[in-house]
Amino acid sequence: MAFFFTILQCLLLCASLERAAAQTQPQTDPAEVVALNAILGRWDLKASSKWNISGEPCTGAAVDETSIDNADFNPGIKCDCGYSNNTCHITKLKVFSLDVTGPIPPELQNLPYLTNLNLWRNCLTGPLPAFFGNFTGMEFLTVGVNALSGPIPKELGNLQKLITLGLGNNNFTGSIPAEFGNLTNLQQLYVDSAGLSGELPTTLSDLKILTILRVSDNSFTGRIPDYIGGWSNLTILRLQGNSFEGPIPATFSNLTQMTELRIGEIINGSSSLEFISNLTSLSTLVLRNCKISDTIPQDFSRYTSLKELDLSFNNITGQVPQSLFSLSSLRYLFLGNNSLSGNLPVQKSYSLMSIDLSYNYLSGSFPSWVNQQNLQLNLVANNFVIGASNDSKLPLGLKCLQRDIPCYRGSPNCEKLQLCSLIIMC
């Protein structure tokens, strides 16, 4: 009898300990649970199997070592249970590429501890709410690739802990708020294809540690700011597809950490290539339609990482340097629609497989490398000498597409190939 009594005492003690443990187990803030359920309900989403929304959200993958970037954890949350009173707060929310529609739910403002919010690539509409400015602990925020509209709220300037801000590929209106100059911890800013206009505010000069700036394909105007040249940590800069005025600032020569530079469609001013002399870390350099009036630097041997060079649609004169064709890293070279002259370089790196030299004034005969297999080569509208000795090296019909060769539909050289119309098309 005493034995069974002892067993009963043990069972009661274990049950008491379990109840005590349950009482001390951290619990998600009830208001945040309600908000989370409302948000997912509006979007007709269910929690992944990695965490339990029907009970206690801050369990499983929400509190273990699972990364919020894990592809199988979507939608996903991460929690911080290190607060007092055994309370867990939701600090990260990801709803990534799940085709959710409608406006951003107002219940989102009831998750005030968010440090990371990823709503990228959905079908969200309506404005970006001003209450986002209350997420003062936010470090990573992306709402890119949606259909959000209206002005970007100036309240985002309150998020002084932001490291990454992604607003691109939306339908916003207006300009970048001057308050963005308060985001002095910002390292990455993506506003490409966002629908924005106006000038880049001078307050952005305070973003001293910015490493990536992408503002392409908007309607920005005004001079390209000199202060960009003061961002010594910048590695990627994209300014294409706007209406910026030149010239390209000489201060860009200070951006020695740059690996990717894309500028295009400058509407006024004349620029030179002098500023690239120090940018030897570049792997991509695109200066397309930038009103450049200069010659190509002769020594490219220092650009050992350069893979793509596009200087097309400018007024570049002089010859194509041999050093450029000798770069072992270079894959793509686009120099079309300039005023280059002289002969083609005698040698070419085997890795250089896509070359556009069309619409220049190049002349002479063809080196042997034009026959390299799988080479993509555009030489139309130049002044090459084309005769029987080098016909075997030419793409069919190239003779009809030279500047000094008259093209008549009845010409024996062109009639069979029917390439005369290509001159008009190009």
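Here are a few things to note about the model shown:
- Residues satisfying the stated conditions in the stretch 268-280, i.e. out of contact with any strand residue (DSSP E or B) (no Cβ under 6 Å at 6 or more places or on another chain), surrounded by fewer than 17 Cβ atoms within 10 Å (Cβ to Cβ) and either without any contact (Cβ under 8 Å) to a residue 12 or more places away in the chain or of a type outside the set (D, E, K, R) (or both): Ser270, Ser272, Ser277, Asn278, Thr280
- Flag if Arg262 is basic (Lys, Arg), in contact with a strand residue (DSSP E or B) (Cβ under 8 Å, 6 or more places away or on another chain) and closer than 18 Å to Ser312 by Cβ: yes
The rows are residues; the columns are (1) part of a loop (DSSP other than H, G, I, E, B); (2) buried (at least 21 other Cβ atoms within 10 Å of the Cβ); (3) without any contact (Cβ under 8 Å) to a residue 12 or more places away in the chain.
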| site | (1), (2), (3) |
| --- | --- |
| Ser49 | yes, no, yes |
| Glu56 | yes, no, no |
| Asp64 | yes, no, yes |
| Ser67 | yes, no, yes |
| Phe73 | yes, yes, no |
| Cys79 | no, yes, no |
| Gly82 | yes, no, yes |
| Asn85 | yes, no, yes |
| Cys88 | no, yes, no |
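- Hey, Asn170 under 23 Å from Gln109 (Cβ atoms), surrounded by fewer than 20 Cβ atoms within 10 Å (Cβ to Cβ) and touching a residue at least 12 places away in the same chain (Cβ under 8 Å) or not: no
- The lone criterion from (1) of a type in the set (A, V, I, L, M, F, W, C); (2) surrounded by 15 or more Cβ atoms within 10 Å (Cβ to Cβ); (3) out of contact with any Lys or Arg (no Cβ under 8 Å at 6 or more places or on another chain); (4) not in a helix (DSSP H, G or I) left unmet by Leu117 is number (3).
- Of all residues making up the stretch 218-241, the number that are part of a loop (DSSP other than H, G, I, E, B), surrounded by fewer than 21 Cβ atoms within 10 Å (Cβ to Cβ) and either over 18 Å from the mean Cα position of the chain (by Cα) or of a type in the set (D, E, K, R) (or both): 4
- Listed by position, the strands (runs of 3 or more DSSP E) inside the stretch 339-426 whose residues that are within 35 Å of the chain's Cα centre (by Cα) and either modelled with pLDDT of 90 or more or of a type in the set (Val, Ile, Thr) (or both) number at least 3 are 354-356, 376-378.
- Residue in the stretch 29-40 that is polar (S, T, N, Q), closer than 27 Å to Val145 by Cα and in a loop (DSSP other than H, G, I, E, B) present: no
- Selection count, the stretch 310-328, where residues are assigned to a loop (DSSP other than H, G, I, E, B) and either touching a residue at least 40 places away in the same chain (Cβ under 8 Å) or closer than 15 Å to Arg288 by Cα (or both): 7
- Here Ile263 meets each of (1) surrounded by 15 or more Cβ atoms within 10 Å (Cβ to Cβ); (2) among the aliphatic types (A, V, I, L, M); (3) outside any strand (DSSP E or B) with one exception, condition (3).
- In the set Thr251, Thr284, only one residue is among the hydroxyl-bearing types (Ser, Thr, Tyr) and under 20 Å from Glu199 (Cα atoms); that residue is Thr251.
- Hey, Glu199 modelled with pLDDT of 95 or more, within 18 Å of Glu155 (Cβ to Cβ) and of a type in the set (Asp, Glu) or not: no
- Single unsatisfied condition, Lys208 versus (1) out of contact with any helix residue (DSSP H, G or I) (no Cβ under 7 Å at 6 or more places or on another chain); (2) within 24 Å of Phe334 (Cβ to Cβ): (2)
- Residues of the stretch 143-165 satisfying the condition of being within 18 Å of Ser219 (Cα to Cα) and assigned to a strand (DSSP E or B): Ala147, Leu148, Ser149, Gly150, Pro151
- The residue list Phe325, Phe244 contains one member that is crowded, with 19+ Cβ neighbours inside 10 Å and either touching a strand residue (DSSP E or B) at 6+ places or on another chain (Cβ under 7 Å) or modelled with pLDDT under 95 (or both), which is Phe244.
The values are calculated or read from the model by the stated rules, or taken from the named source; none is laboratory data. Quick caveat, the model's predicted, so the values are computed rather than measured. Don't worry about glycine lacking a Cβ; one is built from the backbone with ideal geometry, like all the others, and counts go over all protein chains shown.
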